[in-house]
Amino acid sequence: MSDQQRYFLELSYKGSPFHGWQIQNNAFTVQECIENALSTYLRTPIQIMGSGRTDTGVHASMQVCHFDYPNGSLPENFLKGINAILPKEIAIHSYRRVKPDAHSRFDAVSRSYVYRITFRKNPFLDELAWQIFNHPDVEKMNQAAQLLLIHEDFECFSKVHTEVNHFRCKILKAYWEQKDDQLLFHITANRFLRGMVRAIVGTLMEIGYGQRNLEDFEALIESRDRNKAGKAAPAKGLFLSQIIYPTEIYLD
């Protein structure tokens with residue numbers, strides 16, 4: 001009988017030095033970095049699967065991945081040991097045993113992102129926020145954000161030439177929040193398309209600056225044409241912030 005055990009890891013990372021999450025040739029990625037650290041610490045080849053891919057420069061205050069460990073129980077000081085190997089931009093916060101067929105990507109019920117904008121120059125946020133100096137109309141942007149909840153096809157906000165079966169997403173929540181000298185966009189959905197959140201943010205900012213109106217925004221969604229959407233907001237302001245799973249996948 002095999003002792004193999006599947007684990008979920010909860011982690012965070014600063015995306016600035018990485019070429020995104022997914023392993024690729026001749027590029028430094030988050031996935032490769034974690035796999036190398038796990039394989040070194042556990043002394044066996046380890047492959048991980050993330051809840052989703054983040055693009056170059058995008059951060060995660062919460063990301064989840066799973067892996068199978070052939071020897072069953074992880075070492076007692078696993079978190080201390082693995083974090084000592086990982087670079088300062090990546091931290092693993094917790095791990096949980098899950099059922100053998102639990103999947104960090106396919107079992108996710110919802111995912112949330114936060115996009116951060118700052119209205120004044122801040123050297124501590126240079127790689128963690130989009131710095132702009134003209135205040136948009138947040139009320140109009142929130143009115144437009146609510147329209148996202150009544151649509152399901154978001155091809156207009158997807159990167160072109162992506163290999164997906166469909167462009168349907170169920171957006172559960174989307175709103176802007178003014179917080180001191182920062183503006184935060186919160187969005188939750190069952191799934192997201194590649195580049196979707198940054199394209200939405202860039203387009204909503206155009207509404208905030210009066211370059212589009214609500215009717216234009218709705219027509220854009222119905223057009224399914226990425227060329228009609230706004231320019232994608234910079235990657236550095238985007239954070240994957242939460243992933244929700246059904247409780248029954250956990251063993252502890």
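The values are calculated or read from the model by the stated rules, or taken from the named source; none is laboratory data. Everything quoted here is computed from the prediction, not taken from an experiment. Counting neighbours? That spans all protein chains shown, and the Cβs are built from the backbone with ideal geometry, glycine included.
For this structure, a couple of remarks:
- If the condition is being over 30 Å from residue 129 (Cα atoms) and in contact with a Phe, Trp or Tyr (Cβ under 7 Å, 6 or more places away or on another chain), then the range 5-46 contributes 5, 7, 38, 42, 46.
- Candidates 233, 199, 229, filtered to the one that is touching a Gly at 6+ places or on another chain (Cβ under 9 Å) and at pLDDT below 95: 229
- Checking each residue in the range 40-75 for being under 14 Å from the mean Cα position of the chain (by Cα) and of a type in the set (Val, Ile, Thr) picks out 54, 56, 58, 64.
- Among the residues examined, residue 59 does not qualify as modelled with pLDDT of 95 or more, in contact with a Ser or Thr (Cβ under 6 Å, 6 or more places away or on another chain) and not hydrophobic (A, V, I, L, M, F, W, C).
- Looking at 27, 37, just one residue is under 21 Å from residue 83 (Cβ atoms), over 19 Å from the mean Cα position of the chain (by Cα) and among the small types (Gly, Ala, Ser), and that residue is 37.
- Residue pairs meeting the criteria (Cβ under 8 Å; at least 6 apart or on separate chains; first in contact (Cβ under 8 Å) with a residue 12 or more places away in the chain and not assigned by TED's automatic domain parsing to the domain that holds residue 191, in the range 39-51; second among the polar types (S, T, N, Q) and part of a loop (DSSP other than H, G, I, E, B)): 42/71; 44/71; 49/104; 50/22; 50/104; 51/104
- Within the range 227-252, considering residues that are surrounded by fewer than 19 Cβ atoms within 10 Å (Cβ to Cβ) and over 25 Å from residue 108 (Cβ atoms), the one nearest to the chain's Cα centre (by Cα): 234
- Top-ranked residue in the range 19-51 [being in contact with an Asp or Glu (Cβ under 7 Å, 6 or more places away or on another chain) and within 21 Å of residue 96 (Cα to Cα); ranked as surrounded by the fewest Cβ atoms within 10 Å (Cβ to Cβ)]: 47
- So residue 206, is it within 30 Å of residue 5 (Cβ to Cβ), in contact with a Lys or Arg (Cβ under 9 Å, 6 or more places away or on another chain) and either in the same structural domain as residue 154 (by TED's automatic domain parsing) or modelled with pLDDT of 95 or more (or both): no
- Being among the hydrophobic types (A, V, I, L, M, F, W, C), in contact (Cβ under 8 Å) with a residue 60 or more places away in the chain and surrounded by fewer than 20 Cβ atoms within 10 Å (Cβ to Cβ) holds for only one residue in 197, 160, 164, 201, and it is 160.
- Flag for residue 16 being surrounded by fewer than 19 Cβ atoms within 10 Å (Cβ to Cβ), closer than 24 Å to residue 233 by Cβ and either touching a residue at least 24 places away in the same chain (Cβ under 8 Å) or small (Gly, Ala, Ser) (or both): yes
- Some residue of the range 168-177 being within 24 Å of residue 20 (Cα to Cα), touching a Gly at 6+ places or on another chain (Cβ under 7 Å), in the same structural domain as residue 118 (by TED's automatic domain parsing) and at pLDDT below 95: no
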